[in-house]
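Working notes for the structure below.
The values are calculated or read from the model by the stated rules, or taken from the named source; none is laboratory data. Here the structure is a predicted model, which means the values were calculated and not measured. Here the Cβ positions follow ideal geometry from the backbone for every residue, glycine too, while neighbour counts run over all protein chains shown. Heads up: the accessible areas ignore ligands, DNA and RNA and are worked out on the full protein's heavy atoms, side chains in. Shrake-Rupley method; radii C 1.70, N 1.55, O 1.52, S 1.80 Å.
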Amino acid sequence: MNEKLKQVIENSRHIAFLGGAGLSTESGIPDFRSTDGIYKAQTTYGHSPEVLLSHDFFWRHTDVFYDYYRKFLLYPEAKPNKAHKALAKLEQDGKLTAVITQNIDGLHQAAGSQNVLELHGSVHRNYCTKCRKFYPMEYIQQSQGVPTCTCGGVIKPDVVLYGEGLDSNTLVSAVTHIQRADTLIVGGTSLVVYPAAGLIDYFSGRELVLINLSRTDRDSEATLCVHEKIGEALSFLLEE
Ligand code: CNA
């Protein structure tokens, strides 16, 4: 157990958590930058995930987008891991005010977290671009080719694609939680996707903790850096 991490959490009263794809690798969902996910996408489709998951690509090649999306972005069997559960427990204990996530997999909610700010949306919500009717993930999974609504409109995942803006209410709420926090824990993110990565700049509290397998450009600003699997690093919270 990392004693310093334990101490920081014990001494904190208002923790905000900012996370990314690394949170869910221990649930079997690959991230973008440390696995062969990118390689697979590039060799199969001839484009990077950033291109395949862009607004332009969605509208120009909707069928290819959905082929990639179903194979690489939907993980109906994935279950929350120790990291998701530890964060849910910290919230229940009254220490954690918000989970701010770049993930779109819904695993924080599945673990029991209540205040989850999904910066990039969720695969569990999909809407008709014509009449705005909502559809669950299962509908996308089970449909063939381009999923369409009963009204005939094309269905789009409620996921922020590259080239699209983030929901402003979610962003404002994320900034507010970070500004009010005495501790910000950042975990499982390479901190290269903006504006999410820039949210760290709003933090002016005492402890900035980075928990990431690989180094990030912001490591030097942290009061504590933990280069471990985040599920393992936080698992002590589940033993208390
Ligand atoms: P990223 O750029 O793929 O970075 C992930 C980071 O997590 C890397 O630096 C890894 O070293 C680190 N990491 C991997 N596994 C662990 C672990 N077990 N413990 C600690 N660290 C780990 O992902 P970001 O989230 O930074 O990039 C943002 C993109 C990726 C967002 O737009 C996401 O929507 C998108 N994404 C989301 C998911 C998901 O919802 N689960 C999966 C893949 C990509």
**Request:** Kindly indicate whether Pro49 is under 23 Å from Pro147 (Cβ atoms), open to solvent by 50 Å² or more (accessible area, probe 1.4 Å) and in contact (Cβ under 8 Å) with a residue 12 or more places away in the chain.
**Result:** no
**Asked** If only one of Tyr139, Tyr127 is surrounded by fewer than 17 Cβ atoms within 10 Å (Cβ to Cβ), assigned to a strand (DSSP E or B) and not assigned by TED's automatic domain parsing to the domain that holds Phe57, which one is it?
**Response** Tyr127
**Asked** Can you spot a residue in the range 194-213 that is more than 7 Å from the ligand (Cβ to nearest atom), assigned to a strand (DSSP E or B) and open to solvent by 30 Å² or more (accessible area, probe 1.4 Å)?
**Response** yes
**Message:** Among the residues of the range 55-71, are any closer than 29 Å to Ser143 by Cα and within 9 Å of the ligand (Cβ to nearest atom)?
**Reply:** no
**Request:** Output yes when any residue across the range 17-26 is crowded, with 17+ Cβ neighbours inside 10 Å, within 20 Å of the chain's Cα centre (by Cα), more than 13 Å from the ligand (Cβ to nearest atom) and acidic (Asp, Glu), and no when none is.
**Result:** no
**Request:** Could you grab me the full set of residues in the range 143-158 that are assigned to a strand (DSSP E or B) and either loosely packed, with under 14 Cβ neighbours inside 10 Å or without any contact (Cβ under 8 Å) to a residue 60 or more places away in the chain (or both)?
**Result:** Thr148, Ile155, Asp158
**Prompt:** In the range 176-191, is there at least one residue being under 16 Å from the mean Cα position of the chain (by Cα), surrounded by fewer than 19 Cβ atoms within 10 Å (Cβ to Cβ) and assigned by TED's automatic domain parsing to the domain that holds Gln7?
**Reply:** no
**Filtered residues of the range 72-112 (kept if open to solvent by less than 40 Å² (accessible area, probe 1.4 Å), assigned to a loop (DSSP other than H, G, I, E, B) and more than 14 Å from the ligand (Cβ to nearest atom))** = Gly112
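Can you tell me which residues in the range 159-172 are open to solvent by 70 Å² or more (accessible area, probe 1.4 Å) and on the phi < 0 side of the Ramachandran plot? So that I can check it myself, show each step before the final result.
Going residue by residue through the range 159-172, those that are open to solvent by 70 Å² or more (accessible area, probe 1.4 Å) are 162-163, 167-169, 172.
The answer is Tyr162, Asp167, Ser168, Asn169, Val172.
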**Message:** Being of a type in the set (Ser, Thr, Tyr) and within 12 Å of the ligand (Cβ to nearest atom): is that true of Thr189 here?
**Reply:** yes
